[in-house]
């Protein structure tokens, strides 16, 4: 059976979970919803199932619950992959290990090291290590603007837009171009998105490599134009698919059905 953990931020007008559930219904798939707040993790009632985590609350209880369920079930995305994507420092470490293009970055508790990096770069980007939807990210050209430690600081890259590429099972299946009148182009920060129907090969390749680096079933890879190619800003382990020009919900439903057959 496919068991679904609903995305906590779903709304009637933006229901990622419901879209995939409808696609599963159309295909006659056997599925049910799983409430992480009410299940008995130690009962042994849930075993040998596929558990799709559309999203979780930012609590240790939910993460520990899917980690425990992963011991006797297959969780998509895996708890390890979700944790890596939620931590920008861990994501960057893996991208660098696999030579995936990503902006120059430092991760430190030292204000002095941030000052050195800022002096070298003149302008940088401050990002919270844990964050989502572009919250807490801002450009910085003076050390007085520095936020809370630990400090995850990236080089600033001039841009007028960014891209999100949706990757399933290592393949780039959809993309959007996002832009706004402000620094952050995220849809939740007021940005707008238009579909990229013909994904450039180098964009698709870099997004696929990023997904493989964090060992994830599906994800949203955020990129910028850089030096004639693309550089990876982050990998989202519980992505939405706003403005995609392809039916991501159908692709995900098909992937879940085929994956469940292998258990």
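Remarks
- Strands (runs of 3 or more DSSP E) contained entirely in region 180-263, each with at least 2 residues that are crowded, with 22+ Cβ neighbours inside 10 Å and at positive phi: none
- The number of residues in region 138-158 being at pLDDT 90 or above and not in a strand (DSSP E or B) comes to 11.
Okay, residues lined up against (1) under 20 Å from the mean Cα position of the chain (by Cα); (2) not assigned by TED's automatic domain parsing to the domain that holds residue 21:
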{"site": "36", "(1), (2)": "no, no"}
{"site": "41", "(1), (2)": "no, no"}
{"site": "44", "(1), (2)": "no, no"}
{"site": "52", "(1), (2)": "yes, no"}
{"site": "63", "(1), (2)": "yes, no"}
{"site": "66", "(1), (2)": "yes, no"}
{"site": "72", "(1), (2)": "no, no"}
{"site": "91", "(1), (2)": "yes, yes"}
{"site": "97", "(1), (2)": "yes, yes"}
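- Residues located in region 3-33, provided they are in contact with a helix residue (DSSP H, G or I) (Cβ under 8 Å, 6 or more places away or on another chain), under 14 Å from residue 53 (Cα atoms) and part of a loop (DSSP other than H, G, I, E, B): 6, 7, 10
- Selection status of residue 41, under 26 Å from residue 18 (Cβ atoms), surrounded by 12 or more Cβ atoms within 10 Å (Cβ to Cβ) and either touching a strand residue (DSSP E or B) at 6+ places or on another chain (Cβ under 7 Å) or without any contact (Cβ under 8 Å) to a residue 60 or more places away in the chain (or both): yes
Residue by residue, here is whether (1) touching a helix residue (DSSP H, G or I) at 6+ places or on another chain (Cβ under 8 Å); (2) outside any loop (DSSP other than H, G, I, E, B) holds:
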| residue | (1), (2) |
| --- | --- |
| 36 | yes, no |
| 40 | no, no |
| 44 | no, no |
| 47 | no, no |
| 55 | yes, no |
| 58 | no, no |
| 66 | yes, yes |
| 72 | no, no |
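- Subset of region 123-135 (residues that are at pLDDT 95 or above and outside any strand (DSSP E or B)): 123
The values are calculated or read from the model by the stated rules, or taken from the named source; none is laboratory data. Quick caveat, the model's predicted, so the values are computed rather than measured. Counting neighbours? That spans all protein chains shown, and the Cβs are built from the backbone with ideal geometry, glycine included.
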